[in-house]
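Peer 1: Quick one: this structure, given as structure tokens, is what I'll be asking you about.
The values are calculated or read from the model by the stated rules, or taken from the named source; none is laboratory data. It should be emphasised that the depicted structure is a prediction, and the values quoted were computed from it without experimental measurement. Cβ placement follows ideal geometry from the backbone for every residue including glycine, while neighbour counts extend to all protein chains displayed. Note: accessible area is taken over every heavy atom of the protein model, side chains too, but ligands, DNA and RNA are not part of it. Shrake-Rupley method; radii C 1.70, N 1.55, O 1.52, S 1.80 Å.
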Amino acid sequence: MSKQSLRELKKEATGHALADAAFELAIDRGLDGFTVDDIVQRAVYSRRTFANHFSCKEEAVATAALTFKSTKEAEDLIGDMSENTPLLDMLYHMMKMQMTADHFWKMRKLVSLSRRNPTLVPYILSALQRLKKSAQQILTELSHGRYSNEHIHLLVGAVYGAIQPLYDGSLDVSLPGESASETSEAISYEQYVDTIFNYLRNGF
């Protein structure tokens with residue numbers, strides 16, 4: 001990964017700190033119960049810094065679901081991969097890094113908030129698009145031109161599209177961090193992901 005990319009990830013860390021503060025306030029007070037000034041006070045940044053990252057508090061709240069937060073995560077992922085690692089294996093590890101218990105918990109909360117505050121919806125969709133784009137960019141760098149941009153785009157789209165029904169609970173899957181008693185009839189998240197990748201490896 002280039003130095004420019006690492007600088008961009010460091011910049012994103014500030015955005016995530018602001019987003020986390022906004023998300024916490026939304027959970028504590030509801031979307032109408034706080035202002036941008038409350039966000040910057042909690043995150044210990046300036047209002048100008050907030051404006052450099054977000055257009056409004058709704059965008060900040062939705063961005064909190066993005067869990068790719070540090071350059072070390074990227075460095076560790078790259079360090080563990082060889083140039084000959086199959087693309088599906090790269091994507092599998094990307095998902096393990098991004099799709100954490102914290103990510104799913106936040107997405108479930110965001111979906112719940114959006115039912116009462118529809119103005120959140122476009123920002124949630126935008127955040128998910130950024131998550132997918134981040135995976136595409138990293139896979140492109142890791143694969144060193146062995147796969148076309150179209151190939152990577154279609155593959156990432158298929159996998160991340162299969163994950164989206166887990167956010168609103170429309171598929172009976174036990175998410176990371178949930179106990180078996182909470183979703184007794186559900187298959188585990190790990191089983192669901194393995195099913196996705198088995199289909200991609202072997203065909204539908």
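Peer 1: Relative to the longest principal Cα axis of the chain, at what angle does helix 3-29 sit, 0 to 90 degrees, rounded to 10?
Peer 2: Computed tilt is about 50 degrees.
Peer 1: Angle, helix 87-98 long axis vs. longest principal axis of the chain, Cα atoms, 0 to 90°, nearest 10?
Peer 2: Helix 87-98 sits roughly 30 degrees off the main axis of the chain.
Peer 1: Which entries of LYS57/LYS96; LYS109/LYS133; LYS57/LYS109; LYS57/LYS106 have Cα-Cα distances beyond 19 Å here?
Peer 2: Those over the limit are LYS57/LYS96; LYS109/LYS133.
Peer 1: When the chain is modelled as a GNM with alpha-carbon springs shorter than 10 Å, which of LYS106, LYS96, LYS133 fluctuates the most?
Peer 2: Answer for the Gaussian network model of the chain: LYS96.
Peer 1: May I pose another question? Highest mean first, how do 21-32, 36-47 rank when packing is the count of other Cβ atoms within 10 Å averaged over residues?
Peer 2: Packing order, densest peptide first, comes out as 21-32, 36-47.
Peer 1: Under 5 Å between amide hydrogens, which residues at least 5 positions from SER188 or on another chain qualify, with H placed 1.01 Å from N in the peptide plane?
Peer 2: SER174
Peer 1: Taking the solvent-accessible surface of protein heavy atoms with a 1.4 Å probe, what is the per residue accessible area of the range 108-204 in Å²?
Peer 2: 57 Å²
Peer 1: So, one more: Using only Cα atoms, figure out Rg for the chain and give it as a multiple of 2.2 N^0.38 Å.
Peer 2: Normalised Rg, Cα atoms only: 1.07.
Peer 1: Go through LEU110, LEU200, HIS144 and say which Cα lies farthest out towards the positive end of the charge dipole of the range 81-204; charges sit on Cβ, +1 for Lys and Arg, -1 for Asp and Glu.
Peer 2: Looking along the dipole axis, the top candidate is LEU110.
Peer 1: Express in nm, to one decimal, how much length is gained between VAL36 and SER82 on full extension, taking 0.36 nm for each residue of separation and deducting their alpha carbon distance.
Peer 2: Between VAL36 and SER82, full extension yields an extra 12.2 nm.
Peer 1: What's the angle, to the nearest 10 degrees (0 to 90), between helix 189-202's Cα axis and the longest principal axis of the chain?
Peer 2: Around 40 degrees separate the two axes.
Peer 1: Quick one: compute the contact order of the chain, relative version, from alpha carbon pairs under 8 angstrom and 6+ residues apart, as a percent.
Peer 2: Once divided by the residue count of the chain, the mean separation gives 19 percent.
Peer 1: Moving on. Please state the charge dipole magnitude for the chain, taken about the Cα centre, from unit charges on C-beta atoms (+1 on K and R, -1 on D and E), reported in debye and rounded to the nearest 20.
Peer 2: Using Cβ point charges on Lys, Arg, Asp and Glu, the chain gives about 720 debye.
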